[in-house]
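Report on the structure given below.
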Amino acid sequence: MHGRAGSGTLPRVDGRTLNERDELLRLAVELRAQAEWQLATGATGSLPAERRSLRIAPTSSDARRAPASAPSPRNQSSPGGALAAESSARPTAPASDAASTPVATEAALSTAALPLSPEREAAKLRLLELAAEVKTCTKCTLYAARTQTVFARGNPAAELCFIGEGPGADEDAAGFPFVGKAGQLLDRMIAAMGYARDDVYVCNIVKCRPPNNRKPEPDEMGKCMPYLREQLELVSPKVIVALGATAVEGLLGAGGGITRLRGQWKLYRAIPVMPTFHPAYLLRSPEAKRDVWADLQAVLKHLGRSPPPVGRSA
Ligand code: URA
């Protein structure tokens, strides 16, 4: 969307070099939008790409919008494809978001240009309240050993939600899900799909770390499920990816082994669920990445998206 032509030069937006005033204005608006979005939603990370994009003064090129289609996949049939390639740099937003960016004139540059439906506003506020309720939860014994609760990360209005088992030591220390080694691999999976890290919503079956990273007990999962149920109602994703056997068990009550269940669509309260291997398992068994990549491609297909070409996701 915009980028620097080289050090010491001013950035170009939509084929136009910005003057210093334009650039300061653009930065101020982006920073304000970011701060207001974080305050309003309780989300972390950067503003979703579709909310971040601002154009300075319309030009004739605004009339020539790129079609809102994602780039065609080069790697779709290659097992492991982009996931195996695993670019670790920060991914860009899905192409369709960039193409649907609203145009803003200088006068209109404000967060008012970021409309949210009243339902979405209400959902985001309720998510904030829910996170606050979870912080003081003592419904099961896991609270006793936690450093802090781990509610969620990412976009609370995401179309895609990843659900794991429960916080590990890194997450317990940070207060956010999937920030350790498994989380870094999850981020590369997200990037390989063509999403930015904060375009998707990420949470867990239980919100407190089980001691020694043991699997949460059924009663611990059961006591925590009402929080997840409400989270999912509020975020209302189009697809859930259940990461590993515990996530599948917590969501669907289904035992029977992730090896058998992965790759097969299920439903959680009318939301399609794709069970797949947990990233921690992939760290131990990298050969399973090809299966996970097949599952993630099925998810993209369901969402009407294509993975970006290999090397383009970052
Ligand atoms: N594993 C999980 O299932 N969740 C996390 O948040 C981190 C690791």
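The values are calculated or read from the model by the stated rules, or taken from the named source; none is laboratory data. In this text the structure is predicted, and so the values were computed from the model without any measurement. For neighbour counting, all protein chains shown are included, and Cβ atoms are generated from backbone atoms with ideal geometry for every residue, glycine included. Each accessible area value is taken on the protein alone, full model and side chains, heavy atoms only, with ligands, DNA and RNA left out. Shrake-Rupley method; radii C 1.70, N 1.55, O 1.52, S 1.80 Å.
Numbers at a glance
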quantity	calculated
Filtered residue count, the range 159-170, keeping only those that are part of a loop (DSSP other than H, G, I, E, B) and either within 6 Å of the ligand (Cβ to nearest atom) or crowded, with 24+ Cβ neighbours inside 10 Å (or both)	4
Some residue of the range 180-191 being touching a strand residue (DSSP E or B) at 6+ places or on another chain (Cβ under 7 Å), closer than 17 Å to His278 by Cα and near the ligand (Cβ under 9 Å from one of its atoms)	yes
Test for Ser285: is it free of Cβ contacts under 8 Å to residues at least 24 places away in the same chain and not β-branched (Val, Ile, Thr)	yes
Conditions (1) surrounded by fewer than 23 Cβ atoms within 10 Å (Cβ to Cβ); (2) modelled with pLDDT of 95 or more; number of the one not met by Val248	(1)
Single unsatisfied condition, Asp219 versus (1) farther than 20 Å from Ala182 by Cβ; (2) touching a strand residue (DSSP E or B) at 6+ places or on another chain (Cβ under 9 Å); (3) touching a residue at least 40 places away in the same chain (Cβ under 8 Å)	(2)
Residues that are in contact with an Asp or Glu (Cβ under 8 Å, 6 or more places away or on another chain), of a type in the set (A, V, I, L, M, F, W, C) and more than 19 Å from Val179 (Cα to Cα), drawn from the range 115-154	Leu130, Cys140, Leu142
Options Ala173, Ala242, Ala182; residue that is under 23 Å from Leu283 (Cβ atoms), buried (at least 24 other Cβ atoms within 10 Å of the Cβ) and touching a residue at least 24 places away in the same chain (Cβ under 8 Å)	Ala242
Helices (runs of 4 or more DSSP H) wholly inside the range 205-312 that include at least 3 residues being within 16 Å of the ligand (Cβ to nearest atom)	218-235, 245-252, 279-284
Of all residues making up the range 133-158, the number that are under 8 Å from Cys208 (Cα atoms), within 16 Å of the ligand (Cβ to nearest atom) and open to solvent by 50 Å² or more (accessible area, probe 1.4 Å)	1
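For every residue, the table says whether it meets (1) within 19 Å of Glu249 (Cβ to Cβ); (2) buried (at least 20 other Cβ atoms within 10 Å of the Cβ).
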| position | (1), (2) |
| --- | --- |
| Pro177 | yes, yes |
| Tyr195 | no, yes |
| Val200 | no, yes |
| Arg214 | yes, no |
